[in-house]
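Structure, as structure tokens:
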Amino acid sequence: MNQLPSLSPWSIASPLAGGALHAAGSGLFHTLLPLRIVANGEGANIVGLVVMAEGAGFLVGCVGSVRLIRSVGEVRAYAAFSALSAVLLLSLATEPRVLVLMAIMAVMGFVNAGQAVIIESWLNAMVPNEGRGRALTLYILVIGLFYGLGQLLARDINPAGDAMLMIAAAFYALALVPVTAIWVGEPQLHAPVGVHFLRAFRTSPLGTLACLMTGLISSTFASIGSLYGLELGFTQDRIVVLMAAVALGALFLQFPLGALSDKLDRRSMMLWLSLVLAAVCALFLAIDATTPFWMLLILFSVFGGISEIFYPLGVAHANDRATSSEFVALSSNLLLVWAMGGTIGPAIAATGVEHFGAASFFWYAIGLSLAFAGFALWRTLQQPKVGSREDFVAYPQTSPAVYEWLPRKDDGIPPAETKGEAP
């Protein structure tokens with residue numbers, strides 16, 4: 001294994017640039033993919049199945065890509081993943097049958113997870129311990145902003161044509177350049193993720209369900225929200241801007257809400273936020289194409305911010321109840337729980353949209369939010385507050401490698417006392 005040389009603060013620019021270019025292509029592609037499927041004569045249920053297939057591939061990639069990457073090395077694996085994702089995108093120009101399309105998207109989900117593992121492993125090795133918090137914030141902002149930029153590029157691109165596939169594939173291919181043309185070393189990969197959903201639930205039932213709900217609602221809407229705009233009669237440029245507002249709202253609202261959660265009880269905060277989310281979803285049932293666009297921008301942004309905040313709050317709450325040695329494994333499994341929600345959610349919600357219209361998604365989200373609020377209330381009344389807490393960190397839903405970035409505080413309290421629950 002090559003040793004990393006003495007690195008300057010600018011050394012992280014290479015993997016950051018690769019991740020940013022990939023995010024831009026992903027933002028463009030995933031915004032237009034539902035519109036492309038509908039333009040090719042398929043229904044919303046097919047959109048849900050395709051998105052579900054990609055989510056399943058991502059879930060498998062989070063668990064299994066590390067072994068594959070280790071067998072060939074990170075640079076070679078990243079090059080192979082980028083080239084493969086570009087070729088898979090271009091293959092969609094053949095308008096494959098549904099089962100073939102699902103298989104293609106499943107492989108894309110796997111390679112996207114693998115690329116995130118590699119980028120985050122590089123950054124983890126390159127950044128000195130004292131700079132990891134700032135580097136993580138920079139990484140989140142760069143990836144989120146370039147994803148939004150990719151979405152905005154989709155305003156005038158015909159989703160049924162080949163141009164959107166070619167542009168997105170070009171971004172995926174360009175992501176190779178900063179990573180392979182500049183030496184970034186071969187840092188040690190994190191240990192493969194073990195799947196321990198029940199252990200995560202026993203450690204923090206509310207935190208686990210918060211991560212699941214984010215996948216079921218936020219990740220699902222990011223995948224099929226374009227269909228809602230189509231049903232209301234919005235033009236493509238409006239749909240694209242509104243979906244970008246959802247993503248940017250999720251990016252920027254989590255920082256102030258996360259800082260607030262460090263001062264308040266996180267269970268109570270998630271309880272009230274779930275009620276707010278239900279109210280916001282109810283407002284969606286009242287809007288139509290005549291609603292002023294500025295009001296739509298605010299509503300979509302708030303929805304993105306509120307629905308997305310449950311994931312980092314859930315991770316923070318779970319780690320409040322765990323010891324430092326459990327952090328990486330616990331957080332990695334919470335990522336898998338989120339991915340599971342993002343896998344099954346689109347299929348459920350899209351089927352409802354197909355049969356009952358776009359409003360059915362918001363009834364679905366209201367039901368989930370109120371059920372979560374009820375569970376949060378029960379946990380708040382039944383369990384004592386946690387004494388020692390970790391600071392909120394806005395982790396992205398990218399790969400398990402990101403959870404090794406920050407050192408954790410260890411208060412020395414035995415696990416049973418810290419958690420307040422049976423193991």
>> Taking each pair of distinct Cα atoms in segment 290-392 once, what is the resulting Kirkwood hydrodynamic radius in Å?
In response: 16.3
> Using the per-residue mean of other Cβ atoms lying within 10 Å as a proxy for protection, in what order, highest first, do the peptides 348-356, 289-297, 228-236 fall?
Replying inline: 348-356, 228-236, 289-297
> Each residue of segment 147-160 in order: what ³J(HN,Hα) in whole Hz does its phi give by Karplus 6.51 cos²θ - 1.76 cosθ + 1.60, θ = phi - 60°, with x for Gly and Pro?
Replying inline: 4, x, 4, x, 4, 5, 5, 7, 4, 10, 9, 5, x, 7
> Can you tell me the Rg and the Dmax, both Å, for the Cα atoms in segment 14-123?
Replying inline: 14.3, 43
>> Averaged across orientations, what area in nm² does the convex hull of the alpha carbons in the chain project?
In response: 19.2
> If you rank ASP262, ASP320 by how much accessible surface each has, with a 1.4 Å probe, what is the order from largest down?
Replying inline: ASP262, ASP320
> Going from most exposed to least, what order do ARG202, ARG321 have by accessible area with a 1.4 Å probe?
Replying inline: ARG202, ARG321
> In whole percent, how big is the carbon plus sulfur part of the accessible area of the chain, probe 1.4 Å, protein atoms only?
Replying inline: 68
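Quick one: which of 166-178, 370-382, 239-251 comes out on top by average Cβ neighbours within 10 Å, and what's the full order, highest first? Could the numbers behind the result be given before it?
Values: 166-178: 21.2, 370-382: 15.6, 239-251: 23.5.
Output ranking for 166-178, 370-382, 239-251: 239-251, 166-178, 370-382.
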> Which of the peptides 131-144, 56-69 is most tightly packed, and how do the rest follow, going by the mean number of other Cβ atoms within 10 Å of each residue?
Replying inline: 56-69, 131-144
> Using the alpha carbon gyration tensor of segment 95-171, what are the three equivalent-ellipsoid semi-axes (square root of 5 times each eigenvalue), largest first, in whole Å?
Replying inline: 31, 18, 8
>> I'm checking a number: the convex hull volume of the Cα atoms of segment 282-345, normalised per residue, in Å³. What is it?
In response: 105
> Just the Cα atoms of segment 51-106: what Rg and Dmax do they give in Å?
Replying inline: 12.6, 34
>> What number comes out for accessible area per residue over the chain if the probe is 1.4 Å? Units Å², please.
In response: 40
> Along segment 327-333, what does the Karplus equation 6.51 cos²θ - 1.76 cosθ + 1.60 (θ = phi - 60°) give for ³J(HN,Hα), rounded to whole Hz, x for Gly and Pro?
Replying inline: 4, 5, 5, 5, 5, 4, 6
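Tally Lys and Arg at +1 and Asp and Glu at -1 over the other residues with C-beta under 12 Å from the C-beta of PHE293: what net charge comes out? Walk me through the numbers before you get to the answer.
Working: positive: ARG238; negative: ASP237.
Its environment carries a net charge of 0.
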> Per the Debye formula with a single identical scatterer at each Cα and no solvent contribution, what log10 I(q)/I(0) holds for segment 193-292 at q = 0.13, 0.22, 0.25 Å⁻¹?
Replying inline: -0.62, -1.29, -1.44
> Karplus couplings for segment 248-265 from phi (6.51 cos²θ - 1.76 cosθ + 1.60, θ = phi - 60°), rounded to Hz, Gly and Pro as x?
Replying inline: 6, x, 5, 5, 8, 6, 5, 6, x, 5, x, 4, 5, 5, 6, 9, 10, 5
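Can you tell me how segment 51-185 classifies by the Cα gyration tensor, rounded, prolate or oblate, using a/c under 1.5 as the rounded cut? Could the numbers behind the result be given before it?
Numbers: a/c = 1.91, a/b = 1.43, b/c = 1.34.
Judged from the Cα gyration tensor, segment 51-185 comes out prolate (a/c at least 1.5, a/b above b/c).
The values are calculated or read from the model by the stated rules, or taken from the named source; none is laboratory data. Just so it is clear, the model here is predicted, and its values are computed rather than measured. FYI the Cβ positions are ideal-geometry reconstructions off the backbone, even for glycines, and counts take in every protein chain you see. For the accessible areas, the whole protein counts, side chains as well, though only heavy atoms, and no ligand, DNA or RNA atoms are used. Shrake-Rupley method; radii C 1.70, N 1.55, O 1.52, S 1.80 Å.
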